[in-house]
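*Asks:* Dumping the structure here so I can ask a few things about it.
The values are calculated or read from the model by the stated rules, or taken from the named source; none is laboratory data. Keep in mind it's a predicted model, so treat the numbers as computed, not measured. Positions of Cβ are generated from backbone atoms using ideal geometry, with glycine treated the same way; all protein chains shown enter the neighbour counts.
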Amino acid sequence: MLGRLLKDLLLGRWRASASRSPGPPPRAPVLARYRPEVFDVPDEAAARAIILTPEGGTPTETRWERETPYLARLAVAELQLVPGMRVIDYGCGIGRLARELIAKTHCNVVGVDISASMRRLAVAHVQSAAFDALDPETFAAGSATGPRADAAIACWVLQHCMQPARDIERIFEALRPGARLIVVNNWLRAVPGDTGWVNDGVDIAALVEARFRRIKREPLDVDAVGPTVARHAYVAVYERP
């Protein structure tokens, strides 16, 4: 969703130089009303269009074809996935990464998403008994009493959360000690509100690192995601202490 977000955020212009690592932008006006309904979609085509918008001349489907296997390979390697592991896909959308991870490693994936329509589409897209899709509240309640997960991914989601500290805590509580988490995120916050995509100045990286031990943080592969996405985002690997 980077293209449309950048048009709304900071008067549509990211002013950080590509020659230095971007940092948290200045604080923007507080949201008048959080609007999660922007993620409600009628079908898979609409879901794909909002999950991965065209960037730098690269259409949604091309991004989908290049980025999805790249992030799946990254997750398999960094999370050290093996058959039977329980993985959380926080902000799963229609399950594009869950589907890849299950196919590659025969792991079990719990998808979490605020959008009921995304969750329904995810079940149809993944088509596996090793996948389940839950809303965040049901997920949090189950985590309090059920077994802890072995790994987690949060791809392009924490920048959109109204209360990211709460979502990070939910991931933390659902993981066993020593479990790894991969975060793929924009440097800019992009929270859906009445006035469009709002940057509230919250530093997601700092919030995650307040709960998790950072193993590494680096740019995304420009060949896989394109120069625009690579310039404005990062991938980080963490461990639950």
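*Asks:* Go through the range 217-241 residue by residue and tally those that are surrounded by fewer than 13 Cβ atoms within 10 Å (Cβ to Cβ) and more than 17 Å from the chain's Cα centre (by Cα).
*Replies:* Total meeting the criteria: 3.
*Asks:* Quick one: Ser115 ticks every box in (1) surrounded by 15 or more Cβ atoms within 10 Å (Cβ to Cβ); (2) over 20 Å from Asp43 (Cβ atoms); (3) hydroxyl-bearing (Ser, Thr, Tyr) except a single one, so which number is it?
*Replies:* (2)
*Asks:* How many residues, within the range 122-131, are assigned to a helix (DSSP H, G or I) and surrounded by fewer than 24 Cβ atoms within 10 Å (Cβ to Cβ)?
*Replies:* 3
*Asks:* Sticking with this structure for a sec: Can you pull out the residues in the range 72-120 that are touching a residue at least 40 places away in the same chain (Cβ under 8 Å) and among the hydroxyl-bearing types (Ser, Thr, Tyr)?
*Replies:* Hits for the range 72-120 are Tyr90, Ser115, Ser117.
*Asks:* Applying the selection to the range 91-112, what residues are out of contact with any strand residue (DSSP E or B) (no Cβ under 6 Å at 6 or more places or on another chain), more than 13 Å from Ala47 (Cβ to Cβ) and part of a loop (DSSP other than H, G, I, E, B)?
*Replies:* Result: His106, single match.
*Asks:* If you don't mind, there's one more thing I want to ask. Has the range 194-213 got at least one residue that is of a type in the set (D, E, K, R), touching a residue at least 24 places away in the same chain (Cβ under 8 Å) and crowded, with 19+ Cβ neighbours inside 10 Å?
*Replies:* No: the range 194-213 contains no residue that is of a type in the set (D, E, K, R), touching a residue at least 24 places away in the same chain (Cβ under 8 Å) and crowded, with 19+ Cβ neighbours inside 10 Å.
*Asks:* Hey, can you tell me all the residues within the range 146-173 that are aliphatic (A, V, I, L, M) and either within 21 Å of Glu100 (Cβ to Cβ) or surrounded by fewer than 21 Cβ atoms within 10 Å (Cβ to Cβ) (or both)?
*Replies:* Ala149, Ala151, Ala152, Ile153, Ala154, Val157, Leu158, Met162, Ala165, Ile171
*Asks:* Out of all the residues in the range 134-175, which are assigned to a loop (DSSP other than H, G, I, E, B) and without any contact (Cβ under 8 Å) to a residue 24 or more places away in the chain?
*Replies:* Asp135, Gly146, Gln163
*Asks:* Something else: Restricting attention to the range 184-201, report how many residues are outside any strand (DSSP E or B) and among the polar types (S, T, N, Q).
*Replies:* Result for the range 184-201: 2.
*Asks:* Return the residues of the range 40-69 that are touching a Leu at 6+ places or on another chain (Cβ under 8 Å) and either part of a helix (DSSP H, G or I) or within 16 Å of Gly226 (Cβ to Cβ) (or both); say none if nothing qualifies.
*Replies:* Glu44, Ala47, Thr53, Glu55, Thr60, Arg63, Trp64, Glu67, Thr68
*Asks:* Filter the range 202-231 down to the residues that are at pLDDT 95 or above and part of a loop (DSSP other than H, G, I, E, B), then identify the one that is nearest to Ile153 (Cα to Cα).
*Replies:* Once the filter is applied, the top-ranked residue is Phe212.
*Asks:* Scan the range 170-209 for residues that are among the acidic types (Asp, Glu) and touching a helix residue (DSSP H, G or I) at 6+ places or on another chain (Cβ under 8 Å) and jot them down.
*Replies:* The one that is among the acidic types (Asp, Glu) and touching a helix residue (DSSP H, G or I) at 6+ places or on another chain (Cβ under 8 Å): Glu173.
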